[in-house]
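As C-alpha cells, the structure follows; a few thoughts come after it.
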Amino acid sequence: MQVWVFDQFYYPQSSEHRLQFPFPGRYWDPKVGMQQYDDHLRYLRRADELGFDGVCLTEHHYTLHGLPSPNVMAAAVARETSHAKLVLMGNCVPLHGHPVRLAEELAMIDVLSKGRLVSALLRGGFMEWYSYSVDPTTARERFEEAWDLITECWTSDEPFEWNGKHFHYENISITPRPVQKPHPPLVMAANTAESIEWCATKHVPLATSFAPTESMKENFEYFRKYAQSQCGWSPGPEYGMFSRQLYVAPTKAQAFEEAGEHLREFWREIPVARKLPERVERYRNTLRTDRSFEYKKRKTGGAQFLVEALAAEGQDKGPNLEWLIDHGLAIIGDPDSVTEQIRYQQKQFGAGTFMIYAPFATLPLNLAMRSLELFAKEVLPNLRD
C-alpha cells in the first residue's frame, strides 16, 4: 500500500470567524500566516524524511486554508523534499483561463522535483466556482476540453494549433517539457457518476473521501463496473485512492483526548456538512445532475448523508467520535487499532493508496507531527504489501 500525507494548510488560530465565507481578510494575521507556511514546509519535509510515498497539496479560495495556489507551494516543497511524490490534489481547471499556462506550470514542477509530480486535474467545487464567478453550466465541458489540451501540450513534440469549443490557440509549443514520459501521472477526485465515468474513460486512478465507508465503497464499485463494461479494462488496486482524517497516539484514550475536539471542529467547518450563504448555495445546487448519484442505493452523495446524520447528532456540538469511527469517516486510536481500521477500509474499497488527512481544523501542527512520526514508526511498516 502507498501512503500519502494530505496537507490542507488550515489557519491555526481558533476564532468565531472561522466559519465565515468568504473569510474576511481583516482577520488574517500576516505574522501567523508566515509562520504557518514555514511550519507546513517543515511538516512536509519531515513526511519525506519518514518515508511516506507522497505529499498532497490542494487548492481553495477565500477560506482560512490560505492555499490558493498548490503550484506555487509545490515549487517550494520540491526543493525541501527528495523522495516523496508531489501530489497536486489538485488544480481546479475551470478557474484557469489558459490551460496552456497550467500545463507549463505543472511541467516546471515536474522539472523542479526531478520527475516526482502527480497531477490531479479537477472540475472543482461550488465554492471555487463562486470565488471566481465561473459559469457552473459550462464547468464540466471546459474541464474536459482543458484536460485533453493539457495532455496534448505535454506530449506533442511539434508546435500545434487548437480550436475547441472553449479554447483557441493558433500556435502551442511549451517548454520546459515534463521529465516523466509520456507525461506526469494523472489522478482525479470524483464521486458523481459523470466524473467517475471520466476517470474510467481516461484510465486514471479514482480518489475519493468525505463519505461513510458504505457510500465510498459504491464509488469504487461503480468505477470498476463502468471501466469493465464500457471501457474494456479492469482497474487494479493502484487505481483506487482514499483519504481520512487520522490521528494516532500511544493509547486510544490519549488519541481521543488530543484530537477529539479538533475533529469535531473539522466536521463543524466542512462545507459539505453545513449551509452557506444563499448566493453560494446556488452554485452548490448546480454541482450535480439527476443521474449523478443514481448508481447509489440512497440516490444521494456522501455529503447529503453527512448533512442528515449530523443534523440528527446535533450540528452545534459536532458528531460523536465513536460514530465517526464506526462509519469510517475518521481513523483515530492507538497504532494497532489504526492499522486495523485502515486495512478494513482498504479491503472494502480495493484501493492501493491511503492519504492521511492531517492536520485538520484547529489541530496544532506539533500534535499532527507527533502523530505522523508515531504512524511512520508503528503503522506504516504494517501497511507495506
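The values are calculated or read from the model by the stated rules, or taken from the named source; none is laboratory data. A quick note: this is a predicted structure, and the numbers were derived from the prediction, not measured. Cβ atoms come from the backbone with ideal geometry, glycine included; neighbour counts cover every protein chain shown.
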Scanning segment 179-208 for residues that are over 20 Å from Thr138 (Cβ atoms), hydroxyl-bearing (Ser, Thr, Tyr) and in a helix (DSSP H, G or I) gives none
I need the helices (runs of 4 or more DSSP H) fully contained in segment 316-385, keeping only those with at least 1 residues that are in contact with a Leu (Cβ under 6 Å, 6 or more places away or on another chain). 365-378
Of Thr137, Thr175, Thr151, which residue is under 19 Å from Ile109 (Cα atoms), out of contact with any Phe, Trp or Tyr (no Cβ under 9 Å at 6 or more places or on another chain) and assigned to a loop (DSSP other than H, G, I, E, B)? Thr175
Pairs where the first residue, in segment 159-171, is over 17 Å from Phe143 (Cβ atoms) and the second is among the β-branched types (Val, Ile, Thr) and in a strand (DSSP E or B), C-beta under 7 Å, 6+ apart: Pro159/Ile172; Phe160/Ile172
Looking at this structure, is Ser82 out of contact with any His (no Cβ under 8 Å at 6 or more places or on another chain), loosely packed, with under 14 Cβ neighbours inside 10 Å and either at pLDDT below 90 or in a helix (DSSP H, G or I) (or both)? no
Among the candidates Thr251, Thr208, Thr213, Thr192, residue that is touching a His at 6+ places or on another chain (Cβ under 9 Å) and either within 26 Å of Val134 (Cα to Cα) or not charged (D, E, K, R) (or both): Thr213
Going by what's in this entry, would Leu106 be described as under 25 Å from Arg140 (Cβ atoms) and outside any helix (DSSP H, G or I)? no
Being at pLDDT 90 or above, in a helix (DSSP H, G or I), crowded, with 19+ Cβ neighbours inside 10 Å and aliphatic (A, V, I, L, M), is that true of even one residue in segment 286-308? no
Qualifying residues in segment 12-44 (those that are among the polar types (S, T, N, Q), loosely packed, with under 14 Cβ neighbours inside 10 Å and in contact with a helix residue (DSSP H, G or I) (Cβ under 9 Å, 6 or more places away or on another chain)) - the one modelled with the highest pLDDT: Ser15
Can you tell me which residue is farthest from the chain's Cα centre (by Cα) among those in segment 154-172 that are part of a strand (DSSP E or B) and polar (S, T, N, Q)? Asn171
Are any residues in segment 51-66 of a type outside the set (Phe, Trp, Tyr), at pLDDT 90 or above and buried (at least 17 other Cβ atoms within 10 Å of the Cβ), and if so, which ones? Asp53, Gly54, Val55, Cys56, Leu57, Thr58, Glu59, His60, His61
Does Pro185 satisfy being farther than 26 Å from Phe349 by Cβ and touching a residue at least 12 places away in the same chain (Cβ under 8 Å)? no
From the list Glu170, Glu128, Glu144, Glu158, pick out the single residue that is touching a strand residue (DSSP E or B) at 6+ places or on another chain (Cβ under 9 Å) and at pLDDT 95 or above. Glu170
Could you check Ile356 against (1) at pLDDT below 95; (2) crowded, with 19+ Cβ neighbours inside 10 Å; (3) hydrophobic (A, V, I, L, M, F, W, C) and say which number it fails? (1)
Going through segment 209-245 one residue at a time, which ones are in a loop (DSSP other than H, G, I, E, B), in contact with a helix residue (DSSP H, G or I) (Cβ under 7 Å, 6 or more places away or on another chain) and modelled with pLDDT of 95 or more? Cys231, Trp233, Ser234, Pro235
Being of a type outside the set (Lys, Arg) and loosely packed, with under 15 Cβ neighbours inside 10 Å narrows it down to one residue among Thr151, Thr138; which is it? Thr138
How about segment 269-285: which of its residues are in a helix (DSSP H, G or I) and under 19 Å from the mean Cα position of the chain (by Cα)? Glu269, Pro271, Val272, Ala273, Arg284
